[in-house]
Structures are given as C-alpha cells and as structure tokens.
Amino acid sequence: MTENEQAVRTFSLPSVAGNERLAAKKIEELLRPLGLSLRLLERIKTAVAETAMNAIEHGNRYHEDLPVTIETEITPGSLYIRIADYGGQKDTPMAEEPDIDAKLAGIQSPRGWGLFLIHRMADDVRFTTDKERHTVELTFFLVREGDSDFSI
Amino acid sequence: MISQFEADVDFQGRCAVVHLSGEIDSNAEDSLVDALGKAIESNPDRFLLDFRQVQYINSKGIALIVGLLARYPEIRGRIAAYGLTEHYQEIFKITRLMDYIFVLRDWEAALDFINH
C-alpha cells in the first residue's frame, strides 16, 4: 500500500456465541501484512472480540441469521474497524465505570468490563445508529514493528 | 464455537497451584470454581494461578475472576498469577485485578512465592 492508498475490506459472521474469537482471528490475518507490534495487535484483537461479542449478544440477540458485519479501513496512519449489528433501534447503553473495589464489596456486579476494555484498547470509539443498524467504529493509530515512540 | 477450559490443582508445600488451560470466558466458571474450591478446602497458605496454558481471557473471564475474589475474600492478598502474557498483564493492571492478585513475571518469582 502506498502512502495515499486506502484499503477497505469487509466480512461478516453469523451471530453465534463464541464467534467473537473468529472475528479477532480474521482481523489478525487481515492485519498480518502490516507488521504491527504484538502489543498493538493484541489490543486490536481484544477490542474487536469484545465489540463483536456485544454485537452478537446484545445487538443481534444470538439470531444466527442476523450477521455481524466487520469493515476494516486501513489508511497510512490509522486503522478503522466498524462492527455493525441489527440493534439500531436501541440507544447505546451508558455503562457504569467498573470499579473493582465496589465489585468486591458487592456494590457493583462482577460483570461490566466489556465496554471498559474496548475504550482502553482503542484510541477512539464512536457509536452510530440508524433505524436498523448499530455500528461501533474503533480507531487505532498504527505503529509498525520497531517504532519506539509508542506508549500507553 | 464452544471454548475449552480446564483447571487442575496440585500442592507444592503450603501453596496450592491451580493450573489453567484453554480459554477463560463464562464457560470456564464451573471448572474454575471447582478447582479453587478444592484448593481452599485444603487450607493452604498461598494460591498460585498458573496461566501459562491460557490463550484467551475475555471480559466475562475477567468478571469470573472478580467474582471468585468476591466469593472467597480469604484468598485476597494470598493469591498470585504466573504465566500471563504481557497483554493480559496489562489487562490485569487496567482492571486493577493486580491490586488483589500478585502478578509474577518469571518462574523465579513464582518459586519464591511458592516457597515463601
């Protein structure tokens, strides 16, 4: 890919429990030619898996005939991953910030880490809805193997 | 796509070592609760979770580990994790699981913990 080129690829998965791991695996295969650092690649895979799991569970409610669509757009400086389901009629719920102390004290449920991990793994997260589809756009700033100016 | 998970316990001195393998998500709950419960019954001084054979932990797996810490408060401060990849060490840090589970970065540290 030259500096001014962009690459867009799309694939979809049936809404079956566990298919979020397949989504992460496919993303890993798609990104392999970019030579990303292992650290960044693992962050991308976790964000994709958690977003896809939400799409399968909450967006499509495990209806196998409703696909989760994943689009990747690679630009010279950034990677955009858009994960869409058929939960567009619902607003994105405002998740409570997980607090492990509150969870251990029984004040919060032990669950509720998914959105937190997505926000911590990606550089930017945006939600859009129309009457049909709900889409989460994950943005990652690309760093190639050997780059040293990247820190969390 | 059903995940696979196994947990086995052995005892090294006064330390219960819980060997984990596979994927830690909601399907891991029964095995993990059984293994940790079995370890606690033997009343060891310390607990070591061996993650070397764990390939994947998702948010439900994190919730499961938090749930175990809530269910068994007596293990807090006496439990450590060994064999986490750098990525999952980072996740233990940002979720603050690291405040309750010592994260050991090499086998030497794990041996020190076992033989403390």
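Can you confirm whether residue A:18 is among the small types (Gly, Ala, Ser) and surrounded by fewer than 19 Cβ atoms within 10 Å (Cβ to Cβ)? Spelling it out, residue A:18 is indeed among the small types (Gly, Ala, Ser) and surrounded by fewer than 19 Cβ atoms within 10 Å (Cβ to Cβ). Of the helices (runs of 4 or more DSSP H) entirely within region B:3-116, those holding at least 2 residues that are within 13 Å of the chain's Cα centre (by Cα) and more than 26 Å from residue A:42 (Cβ to Cβ) occupy B:29-41. Being within 14 Å of another protein chain (Cβ to nearest Cβ), surrounded by fewer than 13 Cβ atoms within 10 Å (Cβ to Cβ) and either touching a helix residue (DSSP H, G or I) at 6+ places or on another chain (Cβ under 7 Å) or not hydroxyl-bearing (Ser, Thr, Tyr) (or both) is true of residue B:4.
Within region A:15-61, restricting attention to residues that are not basic (Lys, Arg) and not in a helix (DSSP H, G or I), the residue that is nearest to the other protein chains (Cβ to nearest Cβ) is A:18.
Give me the pairs: first residue in region A:24-42 and surrounded by 13 or more Cβ atoms within 10 Å (Cβ to Cβ), second residue among the basic types (Lys, Arg) and at pLDDT 95 or above, beta-carbon distance under 7 Å, and six or more apart or on different chains, which are they? Hits for this filter: A:24/A:45; A:27/A:45; A:28/A:45. When residue A:83 is tested against (1) in contact (Cβ under 8 Å) with a residue 40 or more places away in the chain; (2) crowded, with 19+ Cβ neighbours inside 10 Å; (3) within 14 Å of another protein chain (Cβ to nearest Cβ), just one condition goes unmet, and that condition is (3). Restricting attention to region B:63-80 and to residues that are farther than 24 Å from residue A:115 by Cβ and among the small types (Gly, Ala, Ser), the residue that is nearest to the other protein chains (Cβ to nearest Cβ) turns out to be B:77. Between B:52, B:71, the distinction of being at pLDDT 95 or above and of a type in the set (Lys, Arg) belongs to B:52 only. Among the conditions (1) closer than 15 Å to residue A:140 by Cα; (2) surrounded by fewer than 15 Cβ atoms within 10 Å (Cβ to Cβ), the only one that residue A:65 does not satisfy is (1).
The values are calculated or read from the model by the stated rules, or taken from the named source; none is laboratory data. Just so it is clear, the structure is predicted and the values come from calculations on it, not from any experiment. Don't worry about glycine lacking a Cβ; one is built from the backbone with ideal geometry, like all the others, and counts go over all protein chains shown.
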